[in-house]
Structures are given as C-alpha cells and as structure tokens.
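What follows draws every value from the coordinates through simple rules; no lab data is involved. If you're wondering where the values come from, they're calculated on a predicted model, not measured in any experiment. Positions of Cβ are backbone-derived with ideal geometry, glycine not excepted, and every protein chain shown enters the neighbour counts.
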Amino acid sequence: MKHITILFSLLIYSAFTSADAVNINVSGYVAAMPCEIERNNYSIDLKKVNAWNIRDSQVSPWVDFSIKFKNCPTKTTQVIMTITGTSDLINGDYFINTGTSKNSALNLVNTLNKTLIKNGTKIIVAVDNNSRSVEIPLSARIVGYGNGMSVGTFRSHVEFTLLYN
C-alpha cells in the first residue's frame, strides 16, 4: 500500500510539473537619428507676375530658397533628397500649375548649378563635417508657353523624401 501511495503521488506530481518550452524572439534595428530639418513645410511666394512678361515661352524672375538640415549625426555623410510632384502635361520638365492661370508651369532648379529639377530628381549633398549641417539651395519661377496664357492664380505642389547615408 505504501508503494502504491508513493507511485500515485509521483504520478500526480509529474502531471502538475510538466513544462512547455516557450521561445522569446527579440529583434530590432539600431540606427542613427537623422538630421533635423529646419522646417517641415515651405510656402514659396513667387509674387505677382505680369502675364505679359511671361507669355510666349518667357519666364518670371527666379525666387531662391533653401532646404536646411542641422545636427546631423557624426556617421551621416550625405543627404539624398528625392523630389516628386505632378509633371506638367505639356512639358514634363516642369511641374503642373493647378491654379486658374492657363499655359504656365513651375520651373524648379538647383541654385548652385541651375540643374533642372523634375519629377523624380535626386539631389545628393555632403554633410559639412564642421557644422554637421546641410543646405540645399533651390530656385523657382513661373514659365509660360504658347500664346494662350491667361491671368489667374498659380499653385504647384512638390514633395521630397530624404535618405541619410
């Protein structure tokens, strides 16, 4: 009887002490924080432009502005900015005007070398090692084409995505 009690006790004990294997997987990614961008939104005022000055393939004066970054991490050596927007339907080198003025578009360039910026253009700029900052200077203007340009509002929208290396 004593053996049966011990055997029964062992069976009960083993039933309550069975264990399941539990796996815990931990994952993540360690990355440097990106540069701080000076502003998240930019509104560039191309001012009031005389339609007679930009009709028939003429242009308005350039308006300069910059996208600025600061406090770039030590390991970050360059900023890659990809610019996207809706291309103009008549001339794909420009961005579409969604305002009420007809036959006009946005001409955007890199100010340093006047390189044309169109949908999908990538600009690569090195981070200044001393200041840990980057400045991407841009210029914008209205271009007119054809003789059907009309007066009205001018609006264009471009976005940029950033990659830090």
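See the values below:
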{"quantity": "Backbone HN-Hα couplings from phi across segment 118-128 [Karplus 6.51/-1.76/1.60, Hz, Gly and Pro as x]", "calculated": "10, 3, x, 5, 10, 10, 10, 10, 6, 7, 5"}
{"quantity": "Residues Lys48, Lys102, Lys75, sorted so that the one with the fewest Cβ neighbours within 10 Å comes first", "calculated": "Lys48, Lys75, Lys102"}
{"quantity": "Phi-based couplings in Hz for segment 71-76 (Karplus 6.51, -1.76, 1.60; Gly and Pro marked x)", "calculated": "6, 6, x, 4, 7, 7"}
{"quantity": "Exposure proxy order (Cβ contacts within 10 Å, fewest to most) of Asp88, Asp93, Asp64, Asp20", "calculated": "Asp20, Asp64, Asp93, Asp88"}
{"quantity": "Ascending count of other beta-carbon atoms within 10 Å, so fewest first, for Trp52, Trp62", "calculated": "Trp52, Trp62"}
{"quantity": "Vicinal HN-Hα couplings computed from phi for segment 77-85 (Karplus, 6.51 cos²θ - 1.76 cosθ + 1.60; Hz; Gly/Pro x)", "calculated": "10, 7, 10, 10, 10, 9, 9, 10, x"}
{"quantity": "Under 18 Å from Lys122, Cα to Cα: aspartates and glutamates that are on another chain or at least 8 residues apart", "calculated": "Asp93, Glu135, Glu159"}
{"quantity": "Hits among lysines - C-alpha to C-alpha of Lys102 under 28 Å, sequence gap 8 or more where chains match", "calculated": "Lys47, Lys48, Lys114, Lys118"}
{"quantity": "Quotient of Cα Rg and 2.2 N^0.38 Å for segment 50-164, N being how many residues it contains", "calculated": "1.21"}
